[in-house]
Each structure stands twice: as C-alpha cells, then as structure tokens.
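**Student:** Handing you a structure now.
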Amino acid sequence: MPRQEIVAAVQRWLVEVVVGLNLCPFARRPLRAGQVRLAVSEARDDDPLMAELLAEMQRLDRAPVEELETTLLILPDHLPDFADFNQFLDLAEWLIERHDYSGIYQLATFHPAYQFAGTNPADAENLTNRAPYPILHLIREASIERVLKSYPDPESIPENNIRRVESLGEEEKHRLFPYLFRW
C-alpha cells in the first residue's frame, strides 16, 4: 500500500477516533498544531525496527517540543500478529532503557487486533487501542506530566474511554473502525 494511503488511514483514525471520541484528551492540541509526526516504518523484522525506533527518539531529542510533540511509528509490514507485537514491546522497552530514555519517552501502543489482558477479542474496551496498523507511539514524559497537572481526575480516562466505546452502535463501529471489518 502506498505510504500516503497508510498515513491517511492513521490520520483519519487520529481525527475520528482518538480525538473524535476524546479517547486521549491531550491529543487535540498537538494534532491541530501540526506537532504530531506520522512516520511509516519500512521494517520487516525486529532489528531494522529497533533502529527506526531509536532514530525517532533521537529526532524527538533534536526537535523543540513546539515543533514536534510526539511521534507515531506506523508498522504496515511488520508485526501483524498481536502476540508477536506484544512480545516485541519487551525489546522496545529494553531499547528505551538501554539508551537512557526511561523517564524521557513513554511508549503507547496500538494494533488492529489489540486485546487487553483478561478480555475477549470482541470486548468493546479493546477498541480504545485498536488502530489501522500496528503503531508505536513515542510520548514525551515531560509533556505528559505538564498536561496531567491541569487535567482533573486523569485516573478516570480509561474508564471513560471504555464507556464511550461500549456506547457505540454497530453502524458507528463499522464507520470508525472499517479495517476491523474488511474480512
């Protein structure tokens, strides 16, 4: 699939799902300000992906937060199986620690087949982390700390998100998550 179509699908998901459903109350401002980098990975196995992930952290190091708040590394050609993706996250966390990025960057993850532990695949709460492609989202820890200071009751965000996606009708789910119903 052409890179621009991949980016367009993720952009649509960000606008309609993440911001549109208010799943991340902190996403609207950087998205509107053009401070979100959507990088399409060319990796087809773990080693090149690790190199790309490190390069994206280094890019964030070099860019002022006013220009680049966060990066979503989109994986169209690697880790389509959620179990493999989940296993890879141990390597990604190791990379963050090994390069002294703990406390600087946090990794949020999304996947078309995302499934929280203890849930069934069809449980609505899994929709909160389902995206058109596997995604590694690098977030600046300082930015999280800054926005959490002014956000009332941040602990309620996950529960609010679950209630929001549970309230979606089937037609709305098909519209917002077409990639989940293409087969």
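Readers should treat all values here as calculations from the given coordinates under stated rules, not as data from a laboratory. For clarity, every value in this text was computed on a predicted model and none was experimentally measured. Backbone-built Cβ (ideal geometry, glycine too); neighbour counts: all protein chains shown.
**Student:** For region 3-180, what D do you get in µm² per second when you plug the Kirkwood radius from alpha-carbon pairs into Stokes-Einstein at 37 °C and 0.692 mPa s?
**Tutor:** Result for D is 195 µm²/s.
**Student:** Along the three principal axes, how long is region 1-105 when you take its alpha carbons, biggest first, rounded to the nearest angstrom?
**Tutor:** Answer, in whole Å and largest first: 33, 31, 23 Å.
**Student:** Here's something else I'd like to know. Give the distance, in whole Å, between the Cα centre of region 19-69 and the Cα centre of region 91-147.
**Tutor:** 12 Å
**Student:** What order do you get for Tyr179, Tyr101, Tyr133 when you list them from fewest to most C-beta neighbours inside 10 Å? Intermediate results must be reported in sequence, preceding the final value.
**Tutor:** Values: Tyr179 13, Tyr101 20, Tyr133 24.
Neighbour counts put them in this order, fewest first: Tyr179, Tyr101, Tyr133.
**Student:** Taking only Cα atoms and a 10 Å spring cutoff, compute GNM fluctuations for the chain and point out the largest among Arg12, Arg98, Arg37.
**Tutor:** Maximum fluctuation in the GNM of the chain, among the listed residues, is at Arg98.
**Student:** How large is the helix-only mean residue ellipticity at 222 nm for the chain, computed as the sum of -39500 (n - 2.57) over DSSP H runs with n ≥ 4, divided by its residue count, in deg cm²/dmol to the nearest 500?
**Tutor:** Here the helix-only value at 222 nm equals -12500 deg cm²/dmol.
**Student:** Using Cα pairs under 8 angstrom and six or more residues apart, how large is the relative contact order of region 3-180, in percent?
**Tutor:** Reported as a whole number, the value is 23 percent.
**Student:** Right, next: Report the local net charge at Glu125: Lys and Arg +1, Asp and Glu -1, summed over other residues whose C-beta lies under 12 Å from its C-beta. Could the numbers behind the result be given before it?
**Tutor:** Numbers: positive: Arg130, Arg163, Arg164; negative: Asp123, Glu159, Glu166.
Here the charged neighbours net out to 0.
**Student:** Rounded to the nearest 5, what % of the DSSP beta bridges within the chain are antiparallel ones? List each step's numbers first, then the result.
**Tutor:** On the way: 11 of 16 bridges.
Bridges in the chain that DSSP calls antiparallel: roughly 70 percent.
**Student:** To continue, here is another question. Full-extension gain between Phe181 and Ala55, please, as 0.36 nm times their residue separation minus the C-alpha to C-alpha distance.
**Tutor:** Stretched fully, the Phe181-Ala55 segment lengthens by 42.0 nm.
**Student:** Can you give the relative contact order of region 103-183 as a percent, counting alpha carbon pairs under 8 Å and 6+ residues apart? Please list the in-between numbers first.
**Tutor:** Details: 75 pairs, mean separation 27.9, N = 81.
Computed over region 103-183, the figure is 34 percent.
**Student:** With each label point set 7 Å from Cα along the Cα-Cβ vector, what nm distance links Gln4 and Arg28?
**Tutor:** Placing both labels 7 Å along Cα→Cβ, they lie 3.0 nm apart.
**Student:** Another question, if that's okay. Assuming 0.36 nm per residue, please report the length gained on full extension of the stretch Arg146 to Asn160 beyond their Cα-Cα distance. Write down the numbers at each step before the final one.
**Tutor:** Working: separation 14, 0.36 × 14 = 5.04 nm, distance 2.10 nm.
Here the answer is 2.9 nm.
**Student:** If you add up the charges near Leu176, with Lys and Arg at +1 and Asp and Glu at -1, over every other residue whose beta carbon is less than 12 angstrom from its beta carbon, what do you get?
**Tutor:** +1
**Student:** Need one number: nm distance between label points at Glu172 and Glu67, each 7 Å from Cα along Cα→Cβ, rounded to one decimal.
**Tutor:** If labels sit at Glu172 and Glu67, their model points lie 4.0 nm apart.
**Student:** Where does each of Leu23, Leu95 land when they are ranked from fewest to most other beta-carbon atoms within 10 angstrom?
**Tutor:** Leu95, Leu23
**Student:** Sticking with this structure for a sec: Using the 10 angstrom Cβ neighbour count as an exposure proxy, how do Ser143, Ser167, Ser41 rank, fewest first?
**Tutor:** Ser167, Ser143, Ser41
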